[in-house]
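Written below as structure tokens is the structure these notes are about.
The values are calculated or read from the model by the stated rules, or taken from the named source; none is laboratory data. The structure presented is a predicted model; accordingly, all values stated were derived computationally and were not measured. All Cβ positions, glycine included, derive from the backbone under ideal geometry; neighbour counts span all protein chains shown.
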Amino acid sequence: MSMWSPSMNNFTSSMLFFSFPILKLNSRSNDQKREIMQGYLQRHRSFSIYLHTFALIVNLSLKFFAEENSNRSEVHSAATLASNTPNASNRTTLGRRKATGSAIYSEQEPILKKGKTISDGMYSLKPKVVQFDKVWDELRPSIIDIINLRPITNVQWHHKFSDVYDICVSIPTPLSERLYQEVKTCVKQHVQEKRLEIVDVDPDLLLQEYHKMWRIFHEGAIYIHRLFGYLNKQFVKQKRCTDLDNFSQYAAFLQIPDIKEIGCLALEIWKEELVKYILPQLVQLLLVAIDGDRKGNLPNAADVVSGVINSFVKMEETDFEVVQAEGGRYKVRESITAFYQESFEKPLLADTEMYYSALAQKMLSELSCSEYMEQVILLLEQEEVRAKKYLHESSVEKVITLCQKVMIKAHKEKLHAVCHDLITNEENKDLRNMYRLLKPIQAGLSVMVKEFEEYVKKKGLEAIAQLSGDNVPQQFVENVLKVYNKFNDMKTVVFMDDGEFSSGLDKALQGVVNSKEQGQTVPKASERLARYTDSLLKKTTKGLSETDLEVKLGSAIVIFRYIEDKDVFQKFYSKMLANRLIAGSSVSMDAEELMINKLKQACGYEFTSKLSRMFTDIGLSHELSTNFDKHISEIKEEHPEKKSVYVPTQTLILQAGSWPLNAPQVSTNSSNSQTALEVSNFHMPMVLLPVIQEFENFYTGKHNGRKITWLFNMSQGDVRLTYLDKQYVVQVYVYQMAALLCFERRDSIVAKEIGEEIGVSGDYLLKTLRTIVDASILTCDDPNLTSDSILNLNKSMSQKRIKFRLQAPQVNKAVEKEQDPVANTVSQDRKYYMECAIVRIMKTRKVLKHNALVTEIMDQTKGRFSPDVPFIKKSIEDLIEKMYIQRTDQNDEYQYLA
């Protein structure tokens, strides 16, 4: 049961008590307690409603009465119902407020002040019998005043709010439904009167007059919605079953009564009783105003046009939620645009399509393509500004899309027809305009991208078609980079780094870089790029700072990314790197590591693992040479007579699996097979034998079980010439050293005798001797050097430098080696790599279809080379023969064999 205090004249000293029957629930389970409480609350539903109502209204009363001071005035000034004025209330306080100069209705609530009490004269919240006709006769004029934004006092507002509350909780029966119907009738009569006024308005002033009426009515509807806030909560929401939110899963089966809250009801009445009668005239006037704006005749009052259009949206408001923002404006939580779309948006879109279709045809007949594109871009920009100024935000995109459809998509074939000429002539301005127009159109850029790709490929092939001279690798790289930089800038500036054009540029350059010259089976890009980087990283490079060198290496990586046969590049690069490290001709170790790091970023760790181990071997070899020098020093101290026996040396120990170096082998199928035969009986100069034998003993003593293979074709030494006026120092290869040492006690020797003495014969002997003759150390009267030619020691030789180097004997052509022996190992390496990839995939998948296996293989190998399907099939057959995988009973399916 509940107990009400008999009076609330002194709210601060009186206490309001609510008591429940004492329920013995302590000994019961939670489910039993819940069932008992639910049954109790069901029986006392009226109490629950009273409790909620009292808590709501008394809480608001406290907030407003607390701000009143003891000397508050009984007289309130007239109020203007402005929604942006602070210090006002939209709910009853059942009392008087301090006069603030106006009675305003907003959500701003005063700050609670202490030490204030509620004055006498309070109205009781207890339900009472209400004479509806009498109360309604007093309430109806106030509704009309509020909806017309006529000023009323705060006291009047609070009294009317109290009247609404009394009617809703009246006894013996609440009169909420009757009140709702009377309010509906009142608003309807008011709107009908407004309709009679506006139908007689001059058509030229219809928009202005309607806009003025709408602004007043819309704001007034918000206030009456708040005045009848208790009716909305107590009657409307119950009717609409809003308390059944927990049964939302059954919402499709529940029929919600067609009853609206007061604010929504007022707007609905406005739409049905006024707007629909003058809608055709309004829409026509709005379309005329917008059409005039398009033609340059701006409306006198743009805000009127915008306000009328947006009224079609606002009158569909279904849920008012007062949200305080700057200026005290009220925002709507949800807007439904169905009426707006049907009544205004459809005619607008139809009118827009008709207007711009005719305009597009006219411009095409009068303007060039370039001028047409510029004009369309200008029109689209203007239309977007216009749509944002007048229309609801949901219509902006629709209008722009429609304009693009009628002015661009409908005529894209004509734009595509001039695309080829624009790209060929590199008309960047027109191309940018065309891109902006075709970008929003589905598949609109396909023709542009194709033309761009073909043009880039054409210019790239032209750039590398006529390469000649000794610096072909440099010409190749620089010409490709020119094409790349030019069209990459074009892609960025003209096409705004669009992904489709980026892909087209990559495809075009990939075709250029991997193109094959006539008569060639393998692209030359890999070897040329490797030789270009070799020229950058050698000490012979002049005039390059560290920054310039890094930029050029970065440019080389750009081309490297387009190379398909990256494994071929790896072979050439590793061989040239080995030559630089062995000869000590690298411009710097930092530059070498920088290039390797760039390759690692492009292709991963596995691609550069051997290159990294080559650096490790060089470091370990320097440490080993230092220890060997100490060992030799100890021997010389113990045996002074051997001081002149051991020649100072620096030995490099290189792992056979990491370095692309091999001693000449007779069994190889490469072009150096003949060379291997010619040097197979080479006799090491006697001066080098002691130190070589001692090093072998030293190394095998530290690393038992390792086999050393001497690469005499890569070994070099310094020979001092003491028979001349100046003592020259010549850096030579071992074979050249052995030939020179033959002249230690003789001045003239026949070529074949030198060969017999050093164990070298054939063409390689003559090539070796030719390098010595070319350096003027030896002379020969026979211009065509043969095995019977007599070689004489040149005792009158003169060189500009005291120390110089002899060129290595050239087995192949010195200029760009298009068919280097390194390429012969690529096929075998690819076979091994392919088989490893297949085994890895099948070990993971266990069972896989043929097409799926081919797809995964191509995905794994694309970082090194692009295999063709026949090569993949052959590798699969080889693995089946080796019993790594087998075919299953299913068609085109393989199974891994553990």
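Residues to consider are Q208, Q181; find the one that is of a type outside the set (A, V, I, L, M) and loosely packed, with under 15 Cβ neighbours inside 10 Å. If you could, list the steps in order and put the result at the bottom.
On the way: Q208 fails: loosely packed, with under 15 Cβ neighbours inside 10 Å.
Answer to the check: Q181.
Let me confirm something: among L654, L721, L689, which residue is outside the structural domain of M797 (by TED's automatic domain parsing) and modelled with pLDDT of 85 or more? It would help to see each step written out before you state the result.
Details: L721 fails: outside the structural domain of M797 (by TED's automatic domain parsing); L689 fails: outside the structural domain of M797 (by TED's automatic domain parsing).
L654 is the lone residue from the list that is outside the structural domain of M797 (by TED's automatic domain parsing) and modelled with pLDDT of 85 or more.
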Against the definition (at pLDDT 85 or above, surrounded by 17 or more Cβ atoms within 10 Å (Cβ to Cβ) and under 60 Å from the mean Cα position of the chain (by Cα)), how does L806 come out, yes or no?
yes
With the structure loaded, tell me whether L594 is surrounded by 16 or more Cβ atoms within 10 Å (Cβ to Cβ), part of a helix (DSSP H, G or I), over 35 Å from the mean Cα position of the chain (by Cα) and of a type in the set (A, V, I, L, M) or whether it fails that test.
no
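Name the residues in the range 597-612 that are of a type outside the set (A, V, I, L, M, F, W, C) and in a helix (DSSP H, G or I), would you? Give the derivation first.
We begin by selecting, within the range 597-612, every residue of a type outside the set (A, V, I, L, M, F, W, C); these are 597-598, 600-601, 604-606, 608-610, 612.
Across the range 597-612, the qualifying residues are N597, K598, K600, Q601, Y605, E606, T608, S609, K610, S612.
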Any residue that is under 25 Å from I377 (Cβ atoms) and aliphatic (A, V, I, L, M) - is there at least one of those in the range 470-487?
no
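With within 59 Å of the chain's Cα centre (by Cα), among the hydrophobic types (A, V, I, L, M, F, W, C) and not in a helix (DSSP H, G or I) as the only criterion, which of V191, V201, V187 stands out?
On the way: V191 fails: not in a helix (DSSP H, G or I); V187 fails: not in a helix (DSSP H, G or I).
Within the list V191, V201, V187, the selection yields V201.
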Looking only at the range 838-895, which residues are surrounded by fewer than 16 Cβ atoms within 10 Å (Cβ to Cβ), under 33 Å from the mean Cα position of the chain (by Cα), without any contact (Cβ under 8 Å) to a residue 40 or more places away in the chain and not in a helix (DSSP H, G or I)?
K862, D868
Which pairs have Cβ atoms under 6 Å, sit 6 or more apart or on different chains, and link a residue in the range 415-432 that is farther than 13 Å from M373 by Cα and free of Cβ contacts under 8 Å to residues at least 40 places away in the same chain to one that is assigned to a helix (DSSP H, G or I) and among the hydroxyl-bearing types (S, T, Y)?
I423/Y455
Has the range 535-548 got any residue that is assigned to a helix (DSSP H, G or I), of a type outside the set (S, T, Y) and surrounded by fewer than 17 Cβ atoms within 10 Å (Cβ to Cβ)?
yes
Selection within the range 362-379 - under 30 Å from V308 (Cβ atoms) and without any contact (Cβ under 8 Å) to a residue 40 or more places away in the chain
L378, L379
Conditions: (1) modelled with pLDDT of 90 or more; (2) among the charged types (D, E, K, R); (3) assigned to a helix (DSSP H, G or I). E527 meets all but one. Number of the miss?
(1)
Search result, residues across the range 381-401 that are touching a Leu at 6+ places or on another chain (Cβ under 9 Å) and surrounded by 19 or more Cβ atoms within 10 Å (Cβ to Cβ):
Y390, L391, S395, V399
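Criterion first (farther than 13 Å from Q655 by Cα and part of a helix (DSSP H, G or I)) does L624 satisfy it? Lay out the reasoning, then the answer.
On the way: farther than 13 Å from Q655 by Cα: yes; part of a helix (DSSP H, G or I): yes.
When the stated conditions are applied, L624 passes them.
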Any chance the range 484-493 includes a residue that's aromatic (F, W, Y), buried (at least 21 other Cβ atoms within 10 Å of the Cβ) and under 19 Å from R528 (Cα atoms)?
yes
Index of the failed condition, E744 passing every other in (1) under 20 Å from V760 (Cβ atoms); (2) at pLDDT 90 or above:
(2)
Of the residues that sit in the range 121-165 and are polar (S, T, N, Q) and part of a loop (DSSP other than H, G, I, E, B), which one is modelled with the lowest pLDDT?
S124
